[in-house]
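A short reminder: the numbers here are calculations on the coordinates, not readings from a lab. Keep in mind that what you see is a predicted model, and the values were worked out from it rather than measured. Heads up, the Cβs are rebuilt from the backbone with ideal geometry, glycines too, and the neighbour counts pull from every protein chain shown.
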Amino acid sequence: MNELLLHPVLPFLVGAVLISRVPRRVGHVVMIAAPLVALGQIAALDTGTSVGLSYLHYDLEVLRVDALSTPFGVIFAIAGVIAGVYGLTVQRRMERTAALAYAGGAIGVVFAGDLLTFFVFWEIKAVASTFVILARGTPVSGRAGMRYLFVHILGGKLLLAGVLLHHSQTGSLQFTGFEVTAASSLILAACLLSAAVPPLHAWLADAYPTASVAGTVFLSAYTTKAAVYALARGFAGFEVLIYLGIAMALFGVTYAMFENDIRRLLSYHIVSQVGYMVAAVGVGTELAVNGATAHAFAHILYKALLLMGAGAVLHATGISRANALGGLARRMRGVFVLYMVGAVSIAGFPLFSGFISKELSVEAAYGEQLLWLVILMKVVAVGTFLSTGLKLPYSTWFGPEGAGPSSNTGARVHVGAVPVTMFVAMGISAGLNLLLGLAPGLLYDLLPYPVDYTPYSLAKVLETSQVLLFTGLGFWILHERLGTKPKVSLDTDWTYRRLPHVVANATAQWQAAGATPAVMGAALVRIRHAVARRFAVVHGPTPVTSMWALGSVVLATSVLLLLMSLSS
Amino acid sequence: MSLSVRIAVTAGLVVVGVVADIVVGDSTFPGYGATIGLLGCLGLSLIAKGAVGPLLQRREDYYPADTPPEFHDDLYQAHLADPDARHGDAPGGGHVTGDTAAGDDPTGGADAPGGGA
């Protein structure tokens with residue numbers, strides 16, 4: 001039972017409660033200490049540790065430490081430290097509470113040994129992450145947060161339905177590799193939604209860029225990677241994941257090519273990079289699962305760094321649209337250099353983390369004779385470097401007007417100061433990206449299966465260097481034509497953001513024209529009113545207020561259920 | 001630099017890449033890296049900017065209530081005031097640091113749009 005006190009969830013959840021009560025300066029300490037304590041706990045827990053509990057008539061395994069959960073736990077804790085330091089001077093009290101609870105939920109997901117515990121932490125993660133988005137407190141983030149919640153509640157229900165069906169059919173709640181059944185398909189659908197696999201992905205690019213600068217860094221680390229963990233645990237070797245994974249990788253890079261908002265561009269690259277991991281899980285060999293895990297680990301580090309760089313620009317200038325930035329290179333030199341470390345890491349430059357993690361997945365695809373997959377993975381790497389390593393930094397820090405001080409619009413952007421804490425967080429992340437690239441053994445030793453792979457051979461380094469060099473040359477030739485316009489891109493969120501309006505307008509027009517019979521017309525009026533009521537939320541009380549009301553009802557219900565279950 | 005010069009430099013480097021591949025002798029085919037890099041770059045640019053983008057891009061006010069702001073005034077230099085006090089939602093927080101600024105812009109804020117260093 002002592003091991004239960006070492007559960008890495010505890011410091012996060014205790015910290016989340018504590019930070020909402022203590023003075024702000026003490027909160028700084030809590031924010032950093034919670035993930036550090038969790039990291040220490042993970043180090044102290046032996047692989048193979050398992051703590052069971054009996055709840056109602058269910059045998060639960062609330063803590064399971066094994067070779068797959070440990071690497072995810074370690075990187076989730078490290079991400080908590082980095083994002084916490086980054087947000088020290090800018091995050092509000094409620095946002096910090098939500099962020100710690102969110103990180104704790106994600107850690108709980110990876111250390112859950114049974115499906116019920118897994119589901120509970122999955123939902124904590126979903127609700128807490130919604131509050132991370134809402135915490136920015138603007139109408140835009142409020143609406144995006146509610147759309148995010150709507151999608152994730154749907155995912156949570158799919159998961160619950162799958163878990164219940166699985167239990168009724170097998171009598172077991174153990175979370176291990178699944179067979180193909182109706183129940184596992186429901187769980188798979190929930191995991192795919194959370195991993196942002198198209199067409200269930202639009203919540204990510206919709207909501208992440210609307211959070212605060214530090215909130216987005218937290219969000220980028222946990223939800224999709226916890227889903228990758230769940231896929232690796234339950235669905236390794238499901239062939240459909242290969243196709244879904246590479247499709248989402250290509251989808252993400254394509255959307256990123258014409259995206260104008262720098263944080264939304266990077267969000268589409270989360271979709272793209274998670275595609276690598278999903279495809280690797282689909283390949284399903286030991287090397288491939290190692291590849292997915294390693295890539296999730298490295299991805300959290302470099303994506304956090306990229307979003308921190310973009311966030312620092314947004315913090316200093318107030319601008320997130322690439323077409324209005326530019327000419328910052330001389331004025332934000334430090335941020336530029338640190339961002340570029342993230343950019344070369346994600347692109348997979350030799351000596352940086354992306355190279356040693358991505359190549360594992362590529363090698364696994366080679367090993368299974370999936371040459372088409374290897375080539376498409378390389379093309380995605382080209383697109384990744386093109387958008388995040390060339391186009392975004394070019395338009396943000398340089399542009400047609402050069403290194404500064406004129407921006408892309410010709411005006412001069414005011415550049416404010418960037419807090420030291422942001423530089424420290426970016427420095428830690430950049431250092432770790434370089435460290436993993438230089439000493440891949442540090443990461444390889446953490447992976448679920450033994451690694452017998454040397455990333456640094458002359459042929460591999462030469463091939464990767466050439467791919468990236470010629471991508472750079474391609475950009476050099478084409479860069480005048482690759483500038484972005486201030487536009488929004490339609491995505492599958494159109495179906496719940498615009499389609500109801502279209503339907504409502506169409507029915508109103510038909511009615512006005514008298515084109516519908518009376519009975520049908522009455523039905524349409526009812527539908528339209530229902531739709532109108534749905535959208536009345538937009539003009540109603542602020543989403544945060546309504547969420548607090550909702551939250552207290554949920555809390556009261558949970559307490560009631562707990563009491564009932566204890567008395568039974 | 002003019003387009004033809006850039007293409008010529010690239011073509012020269014393709015030759016160097018092919019020769020390097022032949023010398024090392026372990027590539028899928030000589031010029032593999034150059035092919036993937038250049039064709040990938042060109043293909044993605046053409047598909048994204050030429051075909052998909054124009055189909056899917058709309059004016060910024062397409063979702064009227066969610067039109068992206070030109071200036072995020074709530075995020076701009078958010079640390080200069082106490083983040084909690086700024087939104088007035090949490091009494092009792094201490095004042096946070098104005099002294100952590102890292103002097104990235106020594107020229108100061110003569111043209112500050114609001115707030116300022």
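Which Cα, out of A:Pro400, A:Gly410, A:Phe349, lies furthest along the positive dipole direction of segment A:236-482 (beta carbon charges, K/R +1, D/E -1)?
Most positive-ward Cα: A:Gly410.
Identify all lysines with a Cα-Cα distance to A:Lys487 below 19 Å; exclude those on the same chain that are fewer than 8 residues away in sequence.
Here the lysines satisfying the reach criterion relative to A:Lys487 are A:Lys391, B:Lys49.
Could you check the spin-label model distance between A:Ala44 and A:Ala522? Points 7 Å from the Cα along Cα→Cβ, value in nm.
Here the answer is 6.9 nm between the modelled labels.
Given R₀ = 25 Å, FRET efficiency for A:Val17-A:Thr492 by Cβ-Cβ distance, to 0.05?
Between A:Val17 and A:Thr492 the formula returns 0.10.
Taking K and R as +1 and D and E as -1, what net charge do the other residues with C-beta under 14 Å from the C-beta of A:Thr454 add up to?
Net charge around A:Thr454: -3.
Given segment A:1-209, what whole percent of its Cα pairs are spread farther than 22 Å?
Result for the distance tail: 52 percent.
Stokes-Einstein at 10 °C, 1.306 mPa s, Kirkwood radius from Cα pairs: D for segment A:236-482 in µm² s⁻¹?
Reported coefficient: 88 µm²/s.
When the helix-only estimate is applied to chain A (DSSP H runs of n ≥ 4, each -39,500 (n - 2.57), divided by the residue count), what is the mean residue ellipticity at 222 nm, nearest 500 deg cm²/dmol?
Calculated from helices alone, the mean residue ellipticity at 222 nm is -23000 deg cm²/dmol.
Grab the other residues whose beta carbon is less than 12 angstrom from that of A:Thr224, score K and R as +1, D and E as -1, and report the net.
Here the charged neighbours net out to +3.
What's the percent breakdown of Cα-Cα distances in chain A across 20 Å bins, shortest bin first?
Per 20 Å bin, starting at 0, the Cα pair percentages come out as 21, 55, 22, 2.
Calculate the FRET efficiency for A:Ile32 and A:Asp445 from the Cβ-Cβ distance with a Förster distance of 25 Å, rounded to the nearest 0.05.
E(calc), rounded to 0.05, equals 0.45.
For B:Ile7 and B:Asp74, FRET efficiency with R0 = 45 Å and r from the beta-carbon atoms, rounded to 0.05?
Efficiency for this residue pair is about 0.45.
Taking one equal scatterer on every alpha-carbon of segment A:98-164, how large is log10 of I(q)/I(0) by Debye at q = 0.20, 0.23, 0.28 1/Å?
-0.76, -0.92, -1.13
Net charge around A:Leu370, counting only other residues with Cβ within less than 12 Å of its Cβ (Lys, Arg = +1; Asp, Glu = -1)?
-3
Which of the DSSP-defined H helices in chain A satisfy a minimum axial length of 27 Å, computed from C-alpha atoms, and a minimum mean Kyte-Doolittle hydropathy of -0.5?
A:24-44, A:115-134, A:139-170, A:213-234, A:240-258, A:262-283, A:286-317, A:458-478, A:543-567
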